[in-house]
Structure formats: structure tokens, C-alpha cells
Amino acid sequence: MNTDENAGTDEQERVRAETVRRLERSMGTLGTAAVARMEERLGWFRRMSAQDRSWVGLVAQSGVAAFVDWFRNPRRGRPAITVEVFGTAPRELTRSVSLQQTVDMIRVVIDVVEGQVDELAAPGGAQQLREAVLRYTREVAFSSAKVYARAAEARGAWDARLEALIVDALLHGDREDGLQTWGSALGWSLTPVITVAGEIAEGDDETKVLDDLRAAARRLSHDVLAGTQGRRVVVVVGVGERYPAEDLPGAAAEPLAGLFGPGPVVVGPVVPDLRSAGESARAAVSGLRAAVAWPDAPRPVSAADLLPERAFQGDAEARAQLVREVYLPLAGAGSPLLDTLSVYLEHASSLEATARMLFVHPNTVRYRLSRIAELTGHTPSDGRGSFVLRVAVALGRLAEAADG
């Protein structure tokens, strides 16, 4: 390097050093000006809480300070912006400020600095400072994207773990007092709630299946929690007001059924909120275990439609529900209905044979059978209905005998 080149380099370093001194004297003013400009230009910033505005202001101050420190010694290479700038704010700030808002904030800070380049730079150093600002701006943009990508990845992993914890708690009936709080942490707000249970196909990616189910539910504007237990998938859905009450739970489960693997898909009963979703989840999983006994069940099938199979498998709630919803209404209506049903079922659903055994007219039998259907929701002449009624009557009589 010749003497002229040395002199040029020395002059550049002298100009840079003087610019650094000017920047250091102006750091506080620049940070304050940046925050004031954000207040003026960014409506979202004005609407933030005082604490979050304070954190954003600190990030802006840190950005100016980190720029000055990097500008002092350009031989350091790329600035460590992620740590020096964004490391000053808590992770929670990424939930209050979106990536687009962060870009807006950076633009304001850079505009403030660029607008004062001529005053901040030492004589002859304006171009040098302007080029450094542009390079630093690019690095801040890349670092912003990295911060938000990492936050999204961490948030996604945390959400998945919390979802799995909630689903497990619902199925086991423990810690239900904390469910509403946990749900709020995931942004849960919609009611009523249903649960859908199915299985993952052999060889399918568990994470992809869960992601597809969540995406499908959210496209329908539902709240959703999803978790797995081995190959079993349990999805809890906050339905909101999308469907009429009389169409639930089937209408909400129908769009999700195709995303499960082969085999039955069972939907639990509608419950009023997340705190009581354990009832729906346990019914859905119980139905999924029992559905093998009804190969022709629709898909999805209601857990309530699987009450006999669930009762056979030892589900105490299913047995109690059959007695409560089928047997007791019949018993309460008087012996003629129960007697007629018993004889009708024993005589292969023959009206004439039942009438002869009871010494009544066939029309009387027809009336009583229609009354049974009204009281229970199950038609004695229907194959599935007669099966449900037969099981419910047997369970009711066993319960009465056990009670003495």
C-alpha cells in the first residue's frame, strides 16, 4: 500500500471516529425521536399497553446503540443483531407485535437516522454513514424474520405440548379446574364443545395428521385442540355458532372425518364449555374402542349411538345412560309399554303374535310401539332400534334387581 492509500485510509478512519462520537452524543435523542415518530405514524403502537410500548422503545434504543457499536468497528463483519437488539425484549413481545409491525417499526427508526445523516456525520462522512445504515437495515430485516421464525417454532412446539396435556387431562378427568386457563393460553373462546376420536393410518405421519385436522377445523372458524395416544387421535372442537344446535354434534364432525385413518370415527356429545369437555372426550374414546362391534356404523358415528356396545365393554356411564334415557321412561309410563315391548321383541317383531299374547287388538300394539318410539327415540320395528331397546331393558331390570 502506497503513501496516498495509507493517507486515504487514515482519513476515512478519522472521519468514522468523529462520526461515532457524534452518534454517541445523539443516541438518546435518536431513540426518543424514533419513539415519538412511531407514536405519530403507527396506530398499532399507540394502541399498545404502556408496558409493551416501553419494550418497543427499548428495542428501538438498543437498535441505535447496536448500530453505533457496529459502525465503530466495521471489520467485525455482520452485526449480531438478534442478541444485541431483540435480546433486550421478552419473548412475549413477539405475541404483541407482528412481523409486519416490526418491519414498520424498523422503517421508522431508519427514517429517523437517515433524516439526520448530514447532521450526524462528520464532514465528508455522510456517504460512509448512509451506506452503513443501509447495510444495517438489511441485517435488521433478516434478523427480524429469524426472531419471528424461531418464536413461531417455539410457540408451535409449546402449543402442541399444552394441547397434548389438555387432551390427556380431559380423558383422565383430572385437573379440570385448570382447563379453562390452559385453553385461554391457546386462545380458546368458542362454545359449545364436541370431541372427535379416530385413528391414524399405519405409516401416516402423526404430526401431519394433527396439523391437517387443526387446519381444517380453523378454516371452519372453530377452536381446536388435538392430541394422540398411540395411534388414537382425539380432537376437541369449540364449534361456536356455525351450526344449529339440532345439527350437532354430527354436522361439526362430518368435515373432519375424512382426515382420520381407516376405521370408525366417533363424536362425543355436545358440552357447554372446555371445562366439561372431558365428558365428551371420554364418551368418544369409549365409543371408538367399542365401535368394532358395529361394523356397519356410519362415519362419523355418535358416541350415543354406540351405547349398547360401550355397555358391553364395561362403560358404566353408557350403562347408566341407557337405563336413564330408555328404560326409566318406559317404566315410568306403566307396565303395558314394557310388557308390550318385551313380548314384541320375543316374538320376532310380529304385531299379530304380540296382540295374541297380550289379548289386545293389533292397533293397540301399534299405538304402544309408537309411544315407545316417542319416549325413547328408538323404533322397536327397526333392527338397530330393537337392539338398543333390548339391551336397555335388560340393563334396567338388572339395575332394579341390584337395588333390591
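The values are calculated or read from the model by the stated rules, or taken from the named source; none is laboratory data. Predicted, not measured: the structure shown is a model, and the values here were computed from it. Heads up: the accessible areas ignore ligands, DNA and RNA and are worked out on the full protein's heavy atoms, side chains in. Shrake-Rupley method; radii C 1.70, N 1.55, O 1.52, S 1.80 Å.
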**Message:** Taking the square root of 5 times each eigenvalue of the Cα gyration tensor, what semi-axes in Å does the equivalent ellipsoid of the stretch 17-74 have, largest first?
**Reply:** 26, 11, 8
**Message:** Need one value: the accessible area of Leu345 in square angstrom, 1.4 angstrom probe, rounded to the nearest 10.
**Reply:** 20 Å²
**Message:** If you roll a 1.4 angstrom probe over the protein chains with everything in place, what fraction of the accessible area of the stretch 357-404 belongs to carbon and sulfur, to the nearest %?
**Reply:** 56 percent
**Complete:** Sorted largest first, the Cα spans of the stretch 296-343 on the principal axes come out in Å as 36, 23, 15
**Prompt:** Using the heavy atoms of the protein chains alone and a 1.4 angstrom probe, what is the accessible area of the stretch 221-348 per residue in square angstrom?
**Reply:** 42 Å²
